[in-house]
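Report on the following structure.
The values are calculated or read from the model by the stated rules, or taken from the named source; none is laboratory data. Here the structure is a predicted model, which is why all the values come from computation and not from measurement. A quick note on method: Cβ atoms are made from the backbone with ideal geometry, for glycine too, and the neighbour counts reach across all protein chains shown. The area values use the complete protein model at the heavy-atom level, side chains included, leaving out ligands, DNA and RNA. Shrake-Rupley method; radii C 1.70, N 1.55, O 1.52, S 1.80 Å.
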Amino acid sequence: MKKVIEVEHLVKFYGNLRAVNDISFDVYAGEIFTLVGPNGAGKTTTTEILECIKTPTSGIVKVLGMTVPGDEEKIKRRIGVIPQEFNAFERLTVRENVKLIADIYGVKEDIRRYLEMLGLWESRDKKFRTLSGGMKRRVGICMAVVSNPEILFLDEPTTGLDPEARRETWDVIRKLKKSGKTIFLTTHYMEEAEKLSDRVAMIMNGRIVAIGKVKELIEKHGGGFKVLSGEKVIGMFATRREAARCALQLYEQDKEAEMIEPSMDDVFLNLVHKKINERGELL
Amino acid sequence: MNAIVIFKTLTKNWLRSPTGVFFSILFPLMLLLIFGTVFGGEESTKYSLYVQNHDVHGGNATNLSRAFIEALESTNSFEISELDKDVNVSDFIKHQSGIASYRFLIIPDGFEEHALNRSITVRNGIILDTLIYIIDNYGAYMNQSELENITMGKDALSAWMNQTNTTKSPEILLIADENAQSTQIVKGIVYSVVNAFNSKLIGASDTITFKSENLQQRQWKAADYYLPGYIASFIMTNGIVGITTTITEFRRNGIVKRLSATPLKKRDWILGCILQQTFLGFTLTVIMVGVGWVIFGVRAIPDIYAICLIITGCVTFSSIGMTISGFVKDVEAAAGIGNAIAYPLMFLSGAFWPLDLMPAYLQSVAKFSPVYHFHDALREIMIYQHPENAITGFAVLALLAVVFTCAAIKLTKWKDL
C-alpha cells in the first residue's frame with residue numbers, strides 16, 4: 001500500500017513544553033487513520049504540522065512524498081482541512097463560504113455537487129451563523145473537500161456535537177472514505193476511533209502509546225471478553241467463543257449472564273490506566 | 001488573484017454586519033453632521049450674556065446705560081438677557097442647573113452721570129495737554145501777548161481742574177469663568193465696545209482706522225475646512241481601530257487559521273484586507289462629500305489627485321492596522337491599542353480645529369501626525385484645488401504606506417498561530 005504520510009521522530013516544543021515527543025507513524029492511501037487521545041496529548045499539534053500550519057522542531061515529516069517544512073505550498077494544494085473549533089465567515093451563506101475556498105484553490109467546477117454530497121444544497125442560502133452545530137461541521141467538511149483533496153485532515157470534527165449530529169458526521173466521513181479519500185482524523189472519543197478507523201494511533205503526553213489496526217489493538221490490549229453476572233465479573237476470556245460458553249453455562253444455571261466485548265476504551269484504560277470523559281479530559 | 005477573493009469576501013461580510021456598517025459609515029456621518037453643525041454652520045457664534053443694569057432712575061434705565069447695552073447687542077456677538085438689579089448674582093448661579101458658562105456684565109448705579117462728568121474732565125485734560133504742548137513747542141515763535149494769553153488760559157483751566165477733578169470713571173464689571181476659552185473673546189468684545197464709548201463721549205474721531213479683508217479670493221465656509229479633516233480622520237480610525245479589531249477577531253474565532261491552511265498566501269490576505277479598507281474609505285468619502293455638499297454646501301471636488309490621495313491614505317492607515325493586528329493577539333487589547341494610537345493622532349492633527357488654536361509645541365507635534373498630512377493634502381486638492389501643494393502630504397503617506405505594508409507582511413503570522 002502506498003504511504004501518503006510519513007512521520008519519523010517528530011518533536012515539537014512550545015517554549016520548554018514538549019508537546020510532541022518523538023513520534024513516528026505512517027498513513028496509507030485510502031485509509032481512515034485516527035490519532036486518539038485526551039486533550040493536550042499532542043493530537044492537534046501533530047495534525048497542524050501535517051497541515052503545514054505549524055513548524056516541527058525536529059523530525060522528518062512527509063505528506064504525499066513532499067517535505068514539511070519546505071513544500072508547504074504544494075502540499076496545501078493537495079490536502080483538505082477542518083481545523084479544531086472550525087469556524088467560517090458568520091454572515092456569509094453556506095454557498096458563499098464553500099465558494100470562497102473553491103476560489104482560493106482555483107476550482108472551476110460547480111460546487112453544487114459537493115453541497116449535495118454533504119446534504120447542504122437545501123441550506124445553501126442560509127447564513128453560516130444560523131446553522132446548527134452539526135450543519136456547521138458539514139459546511140466545514142464541504143469546505144475541506146471542495147478542492148477534491150487526496151488527504152482530508154479532520155481535527156476533532158465531532159467534538160461538542162449531539163449524538164445524532166455526531167452519527168451524521170460519521171456517515172459523511174464513511175462516504176468520503178468510500179469515494180477514495182485518505183482521512184486523517186483526530187478525536188478523544190474512543191467509540192468514534194473504533195467505529196470509523198482502519199488504523200489508530202493512541203497518543204498520550206506527546207507520545208504514541210499504541211498503534212495498529214483497531215481489531216489488533218483490541219485483541220492485544222483490550223483485556224479480552226468480559227462475562228458478568230449482575231454486577232459481578234465472572235471471568236475474562238481471550239476469545240469470544242470461550243466467553244460465550246461461560247455465559248451459556250451461567251444461563252443454564254438460571255443466572256444472569258452478560259458478555260461484554262472489549263473496546264478501545266478498554267485498550268486506553270489498560271495502556272494508560274485512566275479514562276477520558278466526554279470533554280476529552282483525563283479522569 | 002486571491003487578494004480579490006478575500007476583498008469580495010470581507011466586503012460581503014462587512015456589508016451584512018449592521019454594527020460594522022454603523023461604526024464605519026453611519027457613526028462618522030453622524031459626527032460629520034454634529035461637528036459640521038457646531039463648527040461649520042453659516043451663523044456666527046453668539047455668547048450668552050446676562051446684563052444687570054443698576055443705572056436706573058424712576059424705573060427706567062438711563063439713556064447712556066441703555067445705549068451701552070444696545071451697542072453690545074449691535075456687535076451681534078451676544079445673546080443678551082437682562083437681569084433685575086435686585087438679583088444677587090452668586091445666588092442666581094447657585095439656582096441654575098446644567099453646566100452652561102455664565103457671564104454677567106454689571107453696569108453700576110450712576111453710570112450715566114459719572115460717565116458724562118468724567119468725559120468733561122477728560123476733554124479738559126486733553127485741552128490742557130494741548131495748551132502745554134503748544135507753549136512748549138511753539139512758545140518761542142509767539143509774540144509776548146499771545147504767549148501770555150495762552151499761559152493765562154492754561155493756568156485758569158488747570159486751577160479749575162484741580163478743584164473739580166474728583167470724578168471717577170464708572171466701572172463696568174464683567175464676571176465670567178476665567179478658565180473658559182470664550183471668556184477672553186467676550187472680554188475683547190466688551191473692551192472694544194467700552195473703548196468706542198470712551199471715544200464717542202469725548203467727541204474724538206478715529207486717529208487710526210482698521211479694516212479686514214478675506215485672504216482667499218473665494219469665500220470658504222468653515223465646513224470646507226473641516227470636511228477633509230473628517231474624511232481623513234475617519235479613514236484613519238477605520239483603518240487603525242476597525243481593521244485591528246476585525247482581524248484579531250478573525251484570528252480568535254479560527255478564520256485566519258482556516259485560511260492559512262489553504263494555498264492562500266499571507267501577502268494576498270493582507271492585500272485583500274487593505275483593498276477592503278480602501279473600498280470602505282472610498283464609500284465613506286463619497287457619502288461624506290455628498291452629505292457635505294447637500295447639507296453644508298461644501299464645494300469639495302474629488303478629482304484624480306483626490307482619488308489617488310484617498311487610496312494612499314487608506315493603504316497607509318489600514319497597513320498600520322494590519323501591522324498592529326500582526327502582533328496583538330487579544331481583541332480587547334487590539335481595540336485598546338488601536339484607540340490609543342488613533343485618537344491622539346486624530347485630535348493632534350488639526351482635523352477638528354485649526355492648529356493655530358493649539359499651543360506652539362503641540363503644533364510642532366501635530367505636524368508629525370500622518371493624519372495632519374492627509375487632511376492638509378486632501379484640503380489642498382479637494383477644496384483649494386492646488387494639487388501642487390499636496391506633494392509633501394502625498395509623499396509622507398506613500399512612504400508610510402510602503403513601510404507599514406512591509407511591516408504588516410513581516411509581522412503577520414501565517415504559521416504557528
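Each residue in segment B:210-259 was checked for being open to solvent by less than 30 Å² (accessible area, probe 1.4 Å), modelled with pLDDT of 85 or more and within 29 Å of B:Ala300 (Cβ to Cβ), and 18 of them qualify.
The residues on offer are A:Ser24, A:Ser58, and the sole one that is in contact (Cβ under 8 Å) with a residue 60 or more places away in the chain and either surrounded by 19 or more Cβ atoms within 10 Å (Cβ to Cβ) or away from every other protein chain (no Cβ under 12 Å) (or both) is A:Ser24. For A:Leu92, the criteria (1) open to solvent by 10 Å² or more (accessible area, probe 1.4 Å); (2) farther than 23 Å from A:Glu194 by Cβ hold in every case but one, which is (1). From the list B:Leu157, B:Leu174, the lone residue that is surrounded by 14 or more Cβ atoms within 10 Å (Cβ to Cβ) and under 16 Å from B:Thr130 (Cβ atoms) is B:Leu157. Per this entry, B:Lys413 is counted among residues that are over 19 Å from the mean Cα position of the chain (by Cα) and either within 30 Å of A:Lys12 (Cα to Cα) or open to solvent by 40 Å² or more (accessible area, probe 1.4 Å) (or both).
For segment B:1-17, taking the residues that are more than 10 Å from chain A (Cβ to nearest Cβ) and of a type outside the set (Ser, Thr, Tyr), the one that is nearest to the chain's Cα centre (by Cα) is identified as B:Phe7.
Results for (1) away from chain B (no Cβ under 14 Å); (2) closer than 26 Å to A:Leu269 by Cβ; (3) surrounded by fewer than 22 Cβ atoms within 10 Å (Cβ to Cβ), shown as yes or no for each residue.
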residue	(1), (2), (3)
A:Val4	yes, no, no
A:Arg18	yes, yes, yes
A:Thr44	no, yes, yes
A:Thr47	no, yes, no
A:Ile79	no, no, no
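The one condition from (1) over 19 Å from A:Leu154 (Cα atoms); (2) more than 14 Å from chain B (Cβ to nearest Cβ); (3) open to solvent by 50 Å² or more (accessible area, probe 1.4 Å) that A:Lys99 does not meet is (2).
Look at A:Ile49 and say whether it is within 18 Å of the chain's Cα centre (by Cα), under 20 Å from A:Asn205 (Cβ atoms) and free of Cβ contacts under 8 Å to residues at least 40 places away in the same chain. Here the answer is yes, as A:Ile49 does meet what is asked. Evaluating A:Arg129 against the criteria (1) touching a residue at least 12 places away in the same chain (Cβ under 8 Å); (2) surrounded by 15 or more Cβ atoms within 10 Å (Cβ to Cβ); (3) within 11 Å of chain B (Cβ to nearest Cβ); (4) not β-branched (Val, Ile, Thr) leaves one unmet condition, (2). Here A:Gly140, A:Gly230, A:Gly224, A:Gly206 are screened, and the one residue that is farther than 23 Å from A:Val272 by Cβ, among the small types (Gly, Ala, Ser) and in contact with a strand residue (DSSP E or B) (Cβ under 7 Å, 6 or more places away or on another chain) is A:Gly140.
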